[in-house]
């Protein structure tokens, strides 16, 4: 499709129709802004398709908690609007403990959540076994967070995109952006130029192709999904050590994270690697991830896995996303770097940014996510996370 | 020579050395499983590619019947 | 476990490859996912001439009911066997994984009682009783005749063989068979054996009907619609090579089969392909190529290779004939309605799939191809229906226990 050159195409140009870009498109369109979404490949084709689709509050730091909690509440409010194929499953979460120390951590979390209005309760071994008979009976207990859920992100993303389009947004497929300028212009691969008041880069890991200095590195994850075993697990299961794995600055790590899908299949994660950018499965790490899962739920060993895949989380040094104007820019904005919380925080990120763009008071303090919090040193070509100073 | 097995609690006497899919398809109860939308399904490709002949054998789910030789005392259940 | 030469597939190609490699004094591991040898064409045969003693050869390790799950590193395969997972390290690999039937959707195709044509033949060879039962075979290609013959010999009443190719195309194929006397002879035997069985060219299934089970079929026979009550319906449109393992190993694929040189080496140096993997060409091609690949991989009997290569050329020409004369007609494609299920694992209909422009998006939005068959069934149909090509192969190659997937700890 031939696009107009040298004229203002839209109020907002969003680069990337993943879940964050699509949510932002909807939020902007709702505010009456003219929105154009530019997608190079297929909507939801990046991390959105690869991840676990969990809606979960993480409390690694207050800003993370605030954004993920806000995001979770927004998804919860809208669950009845979502199509069935988005598979919103209100299964709740069990943060599983393996030791007394972790049980203490569970209690600390409970209190922390309570302060933010998120209901949870610590359950002991007996109650845990009743909730999840297939977990190892030796686990001392868990924190049960009943109001969390899982969704199927590709369909949820498609739904948000369709909403945006119904509100007047335009999706441009097969549209590859080559460069962005702070005058609001973007150059496409076919040589044409689009302009807007604001250009938002919501391209996940690929955002660095447009702004090479972004403090973003791809953090590889691997997943396995099983055949259908309905009721084998009933809740999203995460080990209390998960957050530490997520916040590690270097190296490979695994953490127990298992989910029931609406189909009855079981999705098993999680792993994180910095150095590997290949789309091939790293077998030793997959083995480690599965072995860890077997510790928590031994019965998993004999279930059949039917597919495995890799994905890349866009990770910033402090694991908080980049939401706001690109440093030193007036018209280039960023909506990326969500690491493993892209789905959970999509609606919250979108509303935060859209409010800022529309001159409204945002519902959350945007400070912690301000891209200018990093002073850029040009990142090295990849084996370690970029050096930044804060 | 025959072999006795149970399919959905019904005893079947079948020829030894044949596949479970051949045994189930030939002796009456035709559906092997129900699809995700509830349709009855049975063996289709005959060679382990289509997964339509999945049944639970001796408590283990999702076994392809066309690649299993019948065994005396086998307990087979439908899925889905 | 180690092997000089690992052979994947114990059909005619794999058996010939193993035999050739053994004759060169190599240590061979022969792997097949079925409980017995023979692949599809020699299914259910109690003893296969020429190979009955091979399984006892001291240089051979035969692993039945063993599935290749993944290739975790160069020169290695992860296998799932009834006795647990095995990491197999090989110096050379021969892929002889054969072909599967091209099964194309039509209204009613999911009814119990409807199978592939080769599928129905395989089930009979595996012991299914069809004595006195009515069968219709449809689709395309010489496999229909072979299947009909098997069914007739098993006591079934074959009411009709409906071949979609038109009379003129069949004549051209028959005439071109004169260059292949052995094929002509085979065809002659089959046609004699099937005398009295109605065989209609220019005919195809428009729908199957029944409640919970097949009761009959509608066939468009030339210009006439025909309704036939039957107990079994076998519909198949020829064969497609199984390329998943080749893709996983990084071997270049040409169209639908492995790209190989004269010695049947693929684009990956230590990996060879034989049989249907290099192009669907039937039993004789598979046996010849198995022998050629086995000798080439064993790097022995070099002097014998040129003659085998010359023989192979003839078989490749026959393979080309099959492709040219039995291509899917557009009428077959247009039988598919919006309600027809295309992905049987996830029950995704044509109506839903046809709204997408590419395979990956359709897959993500509908789950088509995400079921246990991993797209083996629907990918070919989607290629014919929508022009989508799927070349992504993700492990495991077949569903495997998580314990197996966890065992590739140190490839």
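Each reported figure results from applying straightforward, stated rules to the coordinates on display, with no laboratory input. Owing to the predicted nature of the structure, the values given are computational and were not obtained by experimental measurement. With ideal geometry, Cβ positions are generated from the backbone for all residues, glycine too; neighbour counts draw on all protein chains shown.
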Over segment C:290-411, what portion of Cα pair distances is larger than 23 Å, expressed as a whole percent?
56
Express in % the proportion of alpha carbon pairs of segment C:129-186 at distances exceeding 17 Å.
47
Taking square-rooted eigenvalues a ≥ b ≥ c of the alpha carbon gyration tensor, is segment C:30-178 rounded, prolate or oblate, where a/c under 1.5 means rounded and, failing that, a/b exceeding b/c means prolate?
prolate
With everything on Cα atoms, drop me the angle between helix A:62-78 and the longest principal axis of chain A, reported from 0 to 90° to the nearest 10.
90
Can you give the % of DSSP beta bridges in segment C:103-237 that are antiparallel, to the nearest 5?
45
Can you give the alpha-carbon Rg of the protein assembly as shown over 2.2 N^0.38 Å, where N counts its residues?
1.01
How high is the FRET efficiency from residue A:291 to residue A:90, r the C-beta distance, R0 25 Å, rounded to 0.05?
0.25
Take every Cα pair under 8 Å in chain C that's 6+ residues apart, average their separations, divide by the length, and report that relative contact order as a whole percent.
19
How far apart, in nm, are the 7 Å Cα→Cβ label points at residue A:231 and residue C:261?
5.9
Kindly provide the Kirkwood hydrodynamic radius of segment A:162-298 in Å, to one decimal, from all pairs of distinct alpha carbon atoms.
18.3
Report P(r) for segment C:103-237: all Cα-Cα distances, bin width 10 Å, range 0 to the bin holding the largest distance, values in whole percent.
13, 45, 33, 9, 1
So what's chain B giving for Cα Rg divided by 2.2 N^0.38 Å, two decimals?
0.98
A correct fewest-to-most ranking of C:328, A:194 by other Cβ atoms within 10 Å would be C:328, A:194
In degrees, nearest 10, range 0 to 90: what is the angle between the Cα axis of helix A:283-296 and the longest Cα principal axis of chain A?
50
Cα pairs beyond 28 Å in chain A, in percent, come to 44
Residue C:2/residue C:253 FRET efficiency (R0 41 Å; Cβ-Cβ; nearest 0.05):
0.90
What FRET efficiency comes out for residue A:301 versus residue A:370 if R0 is 51 angstrom and r is the Cβ-Cβ distance? Round to the nearest 0.05.
0.65
Return the distance in nm (one decimal) between the two label points of a simple spin-label model at residue B:60 and residue C:179, each offset 7 Å from Cα along Cα→Cβ.
4.9
Extension reserve of the residue C:45-residue C:302 stretch, reckoned as 0.36 nm per residue once the Cα distance is removed
89.2 nm
Report, in cubic angstrom per residue, the convex hull volume of the C-alpha atoms of segment C:330-386.
67
Out of A:297, A:101, A:262, any idea which swings most in a Gaussian network model of chain A, alpha carbons joined below 10 Å?
A:101
Helix-only CD estimate at 222 nm, as mean residue ellipticity for the protein assembly as shown, using -39500 (n - 2.57) per DSSP H run (n ≥ 4):
-8000 deg cm²/dmol
Candidates C:139, C:216, C:155, ranked by Gaussian network fluctuation over chain C, Cα under 10 Å, top entry
C:155
Kirkwood hydrodynamic radius (C-alpha pairs) into Stokes-Einstein, segment A:90-189, 4 °C and 1.567 mPa s, D in µm²/s:
74
Neighbour-count order for C:218, A:116, B:62, fewest beta carbons within 10 angstrom listed first:
A:116, C:218, B:62
Segment C:212-275 versus segment A:101-153: alpha-carbon centroid distance in Å:
50
Using only atoms on other chains, find how many Cβ atoms lie within 10 Å of each Cβ of peptide C:360-366 and report the average.
6
Please list the equivalent ellipsoid semi-axes of chain C, computed as the square roots of five times the alpha-carbon gyration tensor eigenvalues, in descending order and whole angstrom.
35, 26, 20
What nm value, rounded to one decimal, do you get for the distance between residue C:323 and residue C:354 when each label is placed 7 Å out toward the C-beta?
2.9
Per-q log10 I(q)/I(0), segment C:193-286, q = 0.20, 0.21 Å⁻¹ (Debye; single scatterer per alpha-carbon; no solvent)
-0.89, -0.95
Rounded to the nearest 10 degrees, what's the angle between the helix A:19-30 long axis and the longest principal axis of chain A, both from Cα atoms, 0 to 90?
60
